[in-house]
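K.L.:
Below is a structure I'd like to ask you about.
The values are calculated or read from the model by the stated rules, or taken from the named source; none is laboratory data. Since the structure is predicted, the reported quantities are computational estimates derived from the model, not experimental observations. Positions of Cβ are generated from backbone atoms using ideal geometry, with glycine treated the same way; all protein chains shown enter the neighbour counts. Just so you know, the surface numbers come from the protein's heavy atoms only, side chains and all, with ligands and any DNA or RNA stripped out. Shrake-Rupley method; radii C 1.70, N 1.55, O 1.52, S 1.80 Å.
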Amino acid sequence: MATTSQTTDARIAPLEMAPDEFRAAGHALVDRISDFLASLPDRPVTTAETPKEIRNLLGAGSLPEHGTPAGPMLDQAATLLFDHSLFNGHPRFWAYITSSAAPVGALADLLAAAVNPNLGLFSLSPVATEIEAQTVRWIAELIGYPVDCGGLLVSGGNMANMVCAGAARRAKVPWDVRARGMGGDGARRLRIYASAETHTWMQKYADLFGFGTDAIRWIPVDDQLRMRADVLWVRLAEDRGNGDVPVMVVGTAGSVATGAVDPLVKIGEICKEMGIWFHVDGAYGALAAALPDASADLRGLALADSVAVDPHKWLYAPLEAGCALVRKAEHLRDAFSYHPTYYSLGEDADGVPVNYFELGPQNSRGFRALKVWLGLRQAGREGAVRMMADDCRLARALFDLAAATPEIEARTCGLSIATLRFVPAGLTPGSKAVDEYLNELNTALLTRMQEGGEAYLSNAVIGGAYCLRACIVNFRTTMADVEMLPPLVVRLGRELDKSMRPAALR
């Protein structure tokens with residue numbers, strides 16, 4: 001047992017840092033980060049190292065018995081990350097819908113972590129809670145959604161969609177699903193509806209929320225890869241006639257593969273007439289509703305009962321930052337609120353505060369909103385809209401350049417996504433043998449491009465054709481970056497075709 005004198009001694013905690021030590025380490029790290037950001041255009045997008053090579057950098061030793069000073073340790077960590085990462089902030093990273101992150105967001109995460117508020121409960125995070133509430137209102141305002149909606153920040157698109165769809169389940173299942181579960185009426189099958197182009201969060205939701213993936217009605221798409229509203233209507237009527245219970249229809253504002261926007265106005269009208277929850281997965285494209293030339297269908301997301309939006313996509317926030325918006329806030333409370341005795345939820349003279357644990361699945365919640373809030377304030381509405389418009393303009397320029405380049409077939413351009421494929425001279429698509437070879441060739445081409453580090457794309461399969469896909473949500477991308485891609489595709493494609501083309505196709 002410690003003596004009295006020992007218990008009154010100052011505590012020595014290995015994780016504490018004296019102000020001068022923290023200041024020196026922080027200044028040194030900020031200097032390195034600043035140099036790194038300035039160097040991004042001159043670096044490869046990725047070093048394409050293998051998992052084994054990366055593991056060898058860290059070694060296989062046990063947890064060290066004794067600690068390491070913060071300054072040298074941070075310097076080593078920075079070197080590891082700067083020299084052995086894939087950089088989604090690189091001006092030629094166009095693979096996935098993960099944006100170049102605003103530098104102010106990195107500073108925001110430092111500030112948020114320093115205060116470390118828990119945004120589950122207002123009393124634990126008073127000003128942070130109100131910043132999140134204002135951020136939610138600003139996002140709703142930006143996309144033309146009612147600013148008095150309910151909403152909260154979550155990790156990303158999967159969770160934003162699931163939170164919204166969780167509210168739909170509670171609101172539209174015709175029994176007390178929280179108490180009785182999904183088997184409350186065994187004679188009636190619950191149904192949810194989405195197009196064949198919907199993101200895979202749909203299967204996760206159906207699985208985790210008890211519907212089962214067989215409950216999903218996959219509605220076919222038209223030649224623009226948009227949900228066919230006429231087929232949706234027929235399927236809903238048939239299912240109701242068979243005694244099934246349609247719960248929710250999911251429309252997409254900006255599909256993952258091509259940026260397609262479903263006919264949201266028509267889908268909204270159908271859902272309103274039939275009393276079905278209308279949700280829009282706008283994780284990528286909802287923010288484009290703020291563009292002056294946004295289509296009527298895109299602006300139709302304002303009709304939805306709920307919308308998922310990802311600020312870490314087209315608001316350029318660092319990961320993680322998704323946002324769930326629900327037209328009526330009480331639907332979120334109905335779906336997620338419980339009142340344990342260990343939370344004091346008293347009302348004060350100004351009314352009941354927002355307690356975010358009541359609006360979503362998390363109790364302990366980090367301060368995600370700060371980086372989004374500061375980014376919106378730094379750019380303003382005009383700046384945010386201009387950056388998105390620039391991304392769309394560059395994607396269209398890439399599509400046009402691809403279309404004008406021999407041996408490249410431009411396939412689609414939607415929002416800020418362009419798709420294309422390499423078709424070498426002397427081959428005409430259409431036969432089974434040629435089409436299979438082109439898929440094989442473009443698959444190898446994508447791998448070669450990703451490993452080379454000059455530009456980083458992903459793929460889309462469109463009508464059975466394997467295509468290269470460039471998604472520009474990157475404020476660092478310039479026209480010069482876009483102009484380098486078609487020659488790169490042709491150069492690498494020719495090299496691969498020379499070694500891969502079967503003799504029968506020569």
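K.L.:
For the stretch 190-209, state whether one or more residues are in contact with a helix residue (DSSP H, G or I) (Cβ under 9 Å, 6 or more places away or on another chain), under 25 Å from residue 294 (Cβ atoms) and open to solvent by 20 Å² or more (accessible area, probe 1.4 Å).
P.N.:
yes
K.L.:
Name the residues in the stretch 362-384 that are buried (at least 18 other Cβ atoms within 10 Å of the Cβ) and farther than 30 Å from residue 337 by Cα, would you?
P.N.:
375, 379, 384 - these are the residues of the stretch 362-384 that are buried (at least 18 other Cβ atoms within 10 Å of the Cβ) and farther than 30 Å from residue 337 by Cα.
Okay, residues lined up against (1) at positive phi; (2) open to solvent by less than 50 Å² (accessible area, probe 1.4 Å); (3) small (Gly, Ala, Ser):
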| position | (1), (2), (3) |
| --- | --- |
| 360 | no, yes, yes |
| 390 | no, no, no |
| 408 | no, yes, no |
| 424 | no, yes, no |
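K.L.:
Related question: Whether any residue in the stretch 131-150 is over 27 Å from residue 246 (Cβ atoms), out of contact with any Asp or Glu (no Cβ under 7 Å at 6 or more places or on another chain) and of a type in the set (Phe, Trp, Tyr) is what I want to check. Before you say what the answer is, go through the steps one by one.
P.N.:
Kept after step one, since they are over 27 Å from residue 246 (Cβ atoms), are these residues of the stretch 131-150: 131-139, 141-142, 147-148.
This time we only want the ones that are out of contact with any Asp or Glu (no Cβ under 7 Å at 6 or more places or on another chain), so: 131-139, 141-142, 148.
In the following step, the residues that additionally are of a type in the set (Phe, Trp, Tyr) were identified as 138.
Yes, the stretch 131-150 contains at least one residue that is over 27 Å from residue 246 (Cβ atoms), out of contact with any Asp or Glu (no Cβ under 7 Å at 6 or more places or on another chain) and of a type in the set (Phe, Trp, Tyr).
K.L.:
List, please: which pairs have Cβ atoms under 7 Å, are six or more places apart or on different chains, and start with a residue in the stretch 205-232 that is of a type in the set (Lys, Arg) and end with one that is assigned to a loop (DSSP other than H, G, I, E, B) and open to solvent by less than 60 Å² (accessible area, probe 1.4 Å)?
P.N.:
226/260; 226/262; 226/263; 228/220; 228/222
K.L.:
Can you say whether residue 504 is at pLDDT below 95 and in a helix (DSSP H, G or I), as far as the supplied structure shows?
P.N.:
On the way: at pLDDT below 95: yes; in a helix (DSSP H, G or I): yes.
Against the criterion (at pLDDT below 95 and in a helix (DSSP H, G or I)), residue 504 qualifies.
K.L.:
In the stretch 219-244, how many are over 23 Å from residue 308 (Cβ atoms) and touching a Pro at 6+ places or on another chain (Cβ under 8 Å)?
P.N.:
3
K.L.:
Quick one: in the stretch 219-265, of everything that is charged (D, E, K, R) and in contact with an Asp or Glu (Cβ under 8 Å, 6 or more places away or on another chain), which residue is most open to solvent (accessible area, probe 1.4 Å)? Before you say what the answer is, go through the steps one by one.
P.N.:
Residues of the stretch 219-265 charged (D, E, K, R): 222-223, 226, 228, 230, 235, 238-240, 244, 262.
From the residues that got through so far, the ones that are in contact with an Asp or Glu (Cβ under 8 Å, 6 or more places away or on another chain) too are 226, 228, 262.
Numbers: 226: 55, 228: 95, 262: 3 Å².
Among residues in the stretch 219-265 that are charged (D, E, K, R) and in contact with an Asp or Glu (Cβ under 8 Å, 6 or more places away or on another chain), the one most open to solvent (accessible area, probe 1.4 Å) is 228.
K.L.:
Which residue out of 428, 447 is modelled with pLDDT of 95 or more, surrounded by fewer than 17 Cβ atoms within 10 Å (Cβ to Cβ) and more than 21 Å from residue 283 (Cα to Cα)?
P.N.:
Unique residue meeting the criteria: 447.
K.L.:
Then there's this: Working only within the stretch 442-455, note down all residues that are touching a residue at least 60 places away in the same chain (Cβ under 8 Å) and in a helix (DSSP H, G or I). First the steps, then the outcome.
P.N.:
Narrowing the stretch 442-455 to residues touching a residue at least 60 places away in the same chain (Cβ under 8 Å): 450-455.
Answer for the stretch 442-455, where residues must be touching a residue at least 60 places away in the same chain (Cβ under 8 Å) and in a helix (DSSP H, G or I): 450, 451, 452.
K.L.:
Also, I was wondering about something else. Taking the options 177, 231, name whichever one is modelled with pLDDT of 95 or more and either among the hydrophobic types (A, V, I, L, M, F, W, C) or within 28 Å of residue 322 (Cβ to Cβ) (or both). Show your work before the answer.
P.N.:
Details: 177 fails: modelled with pLDDT of 95 or more.
After ruling out the rest, the residue left standing is 231.
K.L.:
Testing residue 328 on (1) open to solvent by less than 30 Å² (accessible area, probe 1.4 Å); (2) basic (Lys, Arg); (3) under 18 Å from residue 248 (Cα atoms), one condition comes back false. Which one is that?
P.N.:
Just one mismatch for residue 328, condition (1).
K.L.:
Of everything in the stretch 47-73 that's of a type in the set (Asp, Glu) and under 35 Å from the mean Cα position of the chain (by Cα), which residue is farthest from residue 451 (Cα to Cα)?
P.N.:
Within the stretch 47-73, the first condition is being of a type in the set (Asp, Glu), and the residues that meet it are 49, 53, 65.
Among the residues that remain, those that are also under 35 Å from the mean Cα position of the chain (by Cα) are: 49, 53.
Details: 49: 9, 53: 14 Å.
In this case the residue turns out to be 53.
K.L.:
While we're on this one: Across the stretch 298-315, which residue is farthest from residue 414 (Cα to Cα) among those that are open to solvent by 10 Å² or more (accessible area, probe 1.4 Å) and in contact (Cβ under 8 Å) with a residue 60 or more places away in the chain? Walk me through it before giving the result.
P.N.:
Within the stretch 298-315, the subset open to solvent by 10 Å² or more (accessible area, probe 1.4 Å) is 299, 302-303, 305, 312-313, 315.
When the remaining residues are screened for being in contact (Cβ under 8 Å) with a residue 60 or more places away in the chain, the result is 299, 302, 305, 312-313, 315.
Details: 299: 15, 302: 20, 305: 25, 312: 19, 313: 16, 315: 18 Å.
My answer is 305.
K.L.:
Still on this model: Scan the stretch 99-108 and tell me whether some residue there is in a loop (DSSP other than H, G, I, E, B), buried (at least 21 other Cβ atoms within 10 Å of the Cβ) and among the aliphatic types (A, V, I, L, M).
P.N.:
First, the residues of the stretch 99-108 that are in a loop (DSSP other than H, G, I, E, B): 99-102.
Narrowing further to those that are buried (at least 21 other Cβ atoms within 10 Å of the Cβ): 99-102.
Cutting the leftovers down to among the aliphatic types (A, V, I, L, M) gives us 101-102.
Within the stretch 99-108, one or more residues are in a loop (DSSP other than H, G, I, E, B), buried (at least 21 other Cβ atoms within 10 Å of the Cβ) and among the aliphatic types (A, V, I, L, M).
K.L.:
With in contact (Cβ under 8 Å) with a residue 40 or more places away in the chain, open to solvent by 30 Å² or more (accessible area, probe 1.4 Å), within 22 Å of residue 463 (Cβ to Cβ) and among the aliphatic types (A, V, I, L, M) as the only criterion, which of 398, 415, 420 stands out? I'd like the intermediate steps shown before the answer.
P.N.:
Working: 398 fails: open to solvent by 30 Å² or more (accessible area, probe 1.4 Å); 420 fails: open to solvent by 30 Å² or more (accessible area, probe 1.4 Å).
Sole residue among the options that is in contact (Cβ under 8 Å) with a residue 40 or more places away in the chain, open to solvent by 30 Å² or more (accessible area, probe 1.4 Å), within 22 Å of residue 463 (Cβ to Cβ) and among the aliphatic types (A, V, I, L, M): 415.
K.L.:
On to the next question. Can you find a residue in the stretch 114-134 that is within 26 Å of residue 264 (Cβ to Cβ), of a type outside the set (A, V, I, L, M, F, W, C) and either in contact with a Lys or Arg (Cβ under 9 Å, 6 or more places away or on another chain) or in contact (Cβ under 8 Å) with a residue 40 or more places away in the chain (or both)? Show your work before the answer.
P.N.:
Taking the stretch 114-134 first, the residues within 26 Å of residue 264 (Cβ to Cβ) are none.
Checked against the condition, which is being within 26 Å of residue 264 (Cβ to Cβ), of a type outside the set (A, V, I, L, M, F, W, C) and either in contact with a Lys or Arg (Cβ under 9 Å, 6 or more places away or on another chain) or in contact (Cβ under 8 Å) with a residue 40 or more places away in the chain (or both), the stretch 114-134 yields no hits at all.
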